[in-house]
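The values are calculated or read from the model by the stated rules, or taken from the named source; none is laboratory data. All of these numbers come straight from a predicted model, not from anything done at the bench. Here the Cβ positions follow ideal geometry from the backbone for every residue, glycine too, while neighbour counts run over all protein chains shown.
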Amino acid sequence: GKELTDVSNLVEEIVGSEVSIRGRVHKNRLVGTKLFVILRESGFTVQCVVEETRVGANMIKFVKQLSRESVVELIGVVSHPKKPLTGTTQQVEIHVRKMYCLSRSLPNLPLVVEDAARSESDIEKSGKDGKQAARVLQDTRLNNRVLDIRTPANQAIFRIQCQVQIAFREFLLSKGFLEIHTPKLIAGSSEGGSAVFRLDYKGQPACLAQSPQLHKQMAICGDMRRVFEVGPVFRAEDSFTHRHLCEFVGLDVEMEIRMHYSEIMDLVGELFPFIFTKIEERCPKELESVRKQYPFQSLKFLPQTLRLTFAEGIQMLKEAGEEVDPLGDLNTESERKLGQLVLEKYKTEFYMLHRYPSAVRPFYTMPYENDSNYSNSFDVFIRGEEIMSGAQRIHDPELLEKRARECGIDVKTISTYIDAFRYGAPPHGGFGVGLERVVMLLCALNNIRKTSLFPRDSQRLTP
Ligand code: 4AD
């Protein structure tokens, strides 16, 4: 029949016109002979009034027994409400003429979308009139993710995530990068270490790629010059933390270096302010939806990205009375603390730390030419948490093999990678970013599971 109008498009300007809309029964309330149905579509809600005098007693009976979350279509007239509406996103109401049910929901919901959409302050306020609304626990949300992602905040989070990817891609394409896809089934672990999923590849031992590291470098050896990839990354993390997943989306870059490895940091310094600005421009409604449930302040960042050396960072922490190992790695707590100190001193929540100690970086990282205790490497932080690591890579096959052995890697499993450098390789480097982390920190969310559609962690493989 008639073309469907999106609920988000039901506004003042079209009062008086007849529309067809589709959505879910968010909730239902009977007042006298009138039935008020809140219809929800992708996080937008509108009040629909079903009156017995207009539709007859049978229709009222039919609508009354529709369970929450059932998918319905209706035809009605866009109207001014008698009183201003507070419980819906749309400020007009629909006077219903006809209503059909396309798909019924089971009546007993394991998670009520209205409850899942409550903010902490809504829950507190609810306590004031005697009855405290229950908090929906994270496991309940994740076990029933299909219901959970129907909330306005979740709808918005995944729109923002999509735009981060688009902006990342847009920026790199404009700088002459080529988008590639590397294999996820590989013969040896790509980052070293134990956090790797091992599997049987038709009788041969294999791994799920912990990053596109080896193959993006091999693409550079294949003269592709500047490449990037957006794809899944697998880590067999044992720890159950707020920021580790066993599968996440990696945004990876690899490029030739012309003069100095700082060219990579220059690119990062431009890329992220570009992404942040695009999100502010393209997602104002989405940011507002997230804020309604999870209030947060916009990220503070400088147009010229701040760059500190690891040694400077250590110095700042020492001056603030923190005990830190100058040749070790920063733990989560020290990273947070340094984030605070940087914010106070430089007024930014986005910055880079470079020239890390060699001992805490992967085998393929280029040592610093003036002091091999350090390396040409960097990490990038948002609100005191790591979102990226990057570096110049070793392009000399002998040194690469030596470093791999020193790091306890079975070089047989990565021999084709090392061999790729034996036919000549230009100086190069790159970085890897975790998409879920970026979105989590951009919106100051407290858990990475909120920004993964169907999260995989050390305890979860379903839904
Ligand atoms: O620091 P990582 O392990 O670096 C690499 O994978 C390198 N190959 C990158 C490079 O090009 N040199 O991972 C890169 C980023 C981290 O900064 C973090 O944002 C994210 O990936 N990440 C994770 N995100 C979610 N869950 C996990 N378990 C993650 N591990 C890393």
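Mind listing whichever residues of region 320-345 are more than 24 Å from Arg437 (Cβ to Cβ) and in contact with a Leu (Cβ under 9 Å, 6 or more places away or on another chain)?
Ala320, Glu323
Considering only residues of region 359-388 that are surrounded by fewer than 20 Cβ atoms within 10 Å (Cβ to Cβ) and of a type in the set (Gly, Ala, Ser), which is nearest to Leu435 (Cα to Cα)?
Ala359
Check whether at least one residue in region 395-409 is within 26 Å of Thr305 (Cα to Cα), within 16 Å of the ligand (Cβ to nearest atom) and either basic (Lys, Arg) or touching an Asp or Glu at 6+ places or on another chain (Cβ under 7 Å) (or both), and report yes or no.
The first filter runs over region 395-409 and keeps only residues within 26 Å of Thr305 (Cα to Cα), leaving none.
Scanning region 395-409, I find no residue that is within 26 Å of Thr305 (Cα to Cα), within 16 Å of the ligand (Cβ to nearest atom) and either basic (Lys, Arg) or touching an Asp or Glu at 6+ places or on another chain (Cβ under 7 Å) (or both), so the answer is no.
Looking only at region 429-436, decide whether some residue is part of a loop (DSSP other than H, G, I, E, B) and either more than 23 Å from Pro273 (Cβ to Cβ) or within 9 Å of the ligand (Cβ to nearest atom) (or both).
So the first thing to find is which residues in region 429-436 are part of a loop (DSSP other than H, G, I, E, B), and the list is none.
No, because not a single residue in region 429-436 is part of a loop (DSSP other than H, G, I, E, B) and either more than 23 Å from Pro273 (Cβ to Cβ) or within 9 Å of the ligand (Cβ to nearest atom) (or both).
If you scan region 340-358, which residues turn out to be crowded, with 21+ Cβ neighbours inside 10 Å, within 13 Å of Gly384 (Cα to Cα) and within 15 Å of the ligand (Cβ to nearest atom)?
Phe350, Tyr351, Leu353
Kindly list the number of the only condition in (1) closer than 19 Å to Pro152 by Cβ; (2) without any contact (Cβ under 8 Å) to a residue 24 or more places away in the chain; (3) assigned to a strand (DSSP E or B) that fails for Gly23.
In the conditions (1) closer than 19 Å to Pro152 by Cβ; (2) without any contact (Cβ under 8 Å) to a residue 24 or more places away in the chain; (3) assigned to a strand (DSSP E or B), Gly23 misses (2) alone.
Phe378 - would you say it is hydrophobic (A, V, I, L, M, F, W, C), within 14 Å of the ligand (Cβ to nearest atom), touching a His at 6+ places or on another chain (Cβ under 7 Å) and within 20 Å of Met265 (Cα to Cα)?
On the way: hydrophobic (A, V, I, L, M, F, W, C): yes; within 14 Å of the ligand (Cβ to nearest atom): yes; touching a His at 6+ places or on another chain (Cβ under 7 Å): yes; within 20 Å of Met265 (Cα to Cα): yes.
So Phe378 fits the description; yes.
Considering every residue within region 180-190, establish whether at least one is out of contact with any Leu (no Cβ under 8 Å at 6 or more places or on another chain), assigned to a loop (DSSP other than H, G, I, E, B), within 16 Å of the ligand (Cβ to nearest atom) and of a type in the set (Lys, Arg).
No, because not a single residue in region 180-190 is out of contact with any Leu (no Cβ under 8 Å at 6 or more places or on another chain), assigned to a loop (DSSP other than H, G, I, E, B), within 16 Å of the ligand (Cβ to nearest atom) and of a type in the set (Lys, Arg).
Among the listed residues Gly222, Gly250, which satisfies the condition of being at pLDDT 95 or above and crowded, with 17+ Cβ neighbours inside 10 Å? Working first, answer last.
Details: Gly222 fails: crowded, with 17+ Cβ neighbours inside 10 Å.
Unique residue meeting the criteria: Gly250.
Pick from region 359-375 the residues that are within 13 Å of the ligand (Cβ to nearest atom) and touching a helix residue (DSSP H, G or I) at 6+ places or on another chain (Cβ under 6 Å): which of them is farthest from Gln315 (Cα to Cα)? Let's see the steps before the verdict.
So the first thing to find is which residues in region 359-375 are within 13 Å of the ligand (Cβ to nearest atom), and the list is 360-366, 375.
Still in the running and touching a helix residue (DSSP H, G or I) at 6+ places or on another chain (Cβ under 6 Å): 363, 375.
Values: Phe363: 26, Ser375: 18 Å.
For region 359-375, the residue satisfying everything is Phe363.
Within region 140-155, can one find any residue that is within 30 Å of Arg258 (Cβ to Cβ), among the β-branched types (Val, Ile, Thr) and not in a loop (DSSP other than H, G, I, E, B)? Spell out the reasoning first.
Filtering region 140-155 for residues within 30 Å of Arg258 (Cβ to Cβ) gives none.
Within region 140-155, none of the residues are within 30 Å of Arg258 (Cβ to Cβ), among the β-branched types (Val, Ile, Thr) and not in a loop (DSSP other than H, G, I, E, B).
Does Ser415 satisfy the condition of being under 30 Å from Phe272 (Cα atoms), surrounded by fewer than 16 Cβ atoms within 10 Å (Cβ to Cβ), away from the ligand (no atom under 16 Å from the Cβ) and not β-branched (Val, Ile, Thr)? Outline the logic, then answer.
On the way: under 30 Å from Phe272 (Cα atoms): no; surrounded by fewer than 16 Cβ atoms within 10 Å (Cβ to Cβ): yes; away from the ligand (no atom under 16 Å from the Cβ): yes; not β-branched (Val, Ile, Thr): yes.
Considered against the rule, which asks whether it is under 30 Å from Phe272 (Cα atoms), surrounded by fewer than 16 Cβ atoms within 10 Å (Cβ to Cβ), away from the ligand (no atom under 16 Å from the Cβ) and not β-branched (Val, Ile, Thr), Ser415 comes out as no.
What number of residues in region 300-346 are farther than 23 Å from Ile275 by Cα, in contact with a helix residue (DSSP H, G or I) (Cβ under 8 Å, 6 or more places away or on another chain) and outside any helix (DSSP H, G or I)?
Result for region 300-346: 8.
State all residues of region 253-264 that are in contact with a helix residue (DSSP H, G or I) (Cβ under 6 Å, 6 or more places away or on another chain) and either within 11 Å of the ligand (Cβ to nearest atom) or of a type in the set (Ser, Thr, Tyr) (or both); if no residue qualifies, say none.
Glu254
I need every pair where a residue in region 362-384 that is touching a residue at least 24 places away in the same chain (Cβ under 8 Å) and closer than 19 Å to Leu308 by Cβ has its Cβ under 9 Å from the Cβ of a residue that is away from the ligand (no atom under 11 Å from the Cβ) and among the basic types (Lys, Arg), sequence separation at least 6 or different chains.
Within 9 Å, the pairs are Thr365/Arg403; Tyr374/Arg355; Asn376/Arg355; Phe378/Arg307; Phe378/Arg355; Arg383/Arg336; Gly384/Arg336; Gly384/Lys337.
Filter region 418-446 for residues that are under 23 Å from Cys246 (Cα atoms) and small (Gly, Ala, Ser); which is surrounded by the fewest Cβ atoms within 10 Å (Cβ to Cβ)? Reasoning before the result, please.
The first filter runs over region 418-446 and keeps only residues under 23 Å from Cys246 (Cα atoms), leaving 430-446.
Then keep just the ones that are small (Gly, Ala, Ser); that gives 430, 432, 434, 444.
Numbers: Gly430: 25, Gly432: 22, Gly434: 24, Ala444: 17.
Once the filter is applied, the top-ranked residue is Ala444.
Could you give me the residue pairs with C-beta distances under 7 Å whose first residue belongs to region 388-412 and is under 19 Å from Arg355 (Cα atoms) and part of a loop (DSSP other than H, G, I, E, B), whose second residue is more than 16 Å from the ligand (Cβ to nearest atom) and among the β-branched types (Val, Ile, Thr) wherever it lies, and which are 6+ apart or on separate chains?
Close Cβ pairs satisfying both conditions: none exist.
Just to check your reading of the model, which residue among Val233, Val227 is surrounded by 14 or more Cβ atoms within 10 Å (Cβ to Cβ), of a type outside the set (Asp, Glu) and near the ligand (Cβ under 9 Å from one of its atoms)? I'd like the intermediate steps shown before the answer.
Details: Val227 fails: near the ligand (Cβ under 9 Å from one of its atoms).
The unique qualifying residue is Val233.
Kindly evaluate Val290 against the criterion of being aliphatic (A, V, I, L, M), within 14 Å of the ligand (Cβ to nearest atom) and buried (at least 18 other Cβ atoms within 10 Å of the Cβ). Outline the logic, then answer.
Details: aliphatic (A, V, I, L, M): yes; within 14 Å of the ligand (Cβ to nearest atom): no; buried (at least 18 other Cβ atoms within 10 Å of the Cβ): yes.
In short, no.
Tell me which residues, restricted to region 236-252, are β-branched (Val, Ile, Thr) and either in contact with a Pro (Cβ under 7 Å, 6 or more places away or on another chain) or within 7 Å of the ligand (Cβ to nearest atom) (or both).
The first filter runs over region 236-252 and keeps only residues β-branched (Val, Ile, Thr), leaving 241, 249.
Within region 236-252, just Val249 meets the criteria.
Quick test of your reading of the structure: Cys162 fulfils all but one of (1) assigned to a loop (DSSP other than H, G, I, E, B); (2) under 28 Å from Leu441 (Cβ atoms); (3) among the hydrophobic types (A, V, I, L, M, F, W, C). Name the failing condition by number.
Of the numbered conditions (1) assigned to a loop (DSSP other than H, G, I, E, B); (2) under 28 Å from Leu441 (Cβ atoms); (3) among the hydrophobic types (A, V, I, L, M, F, W, C), the odd one out for Cys162 is (1).
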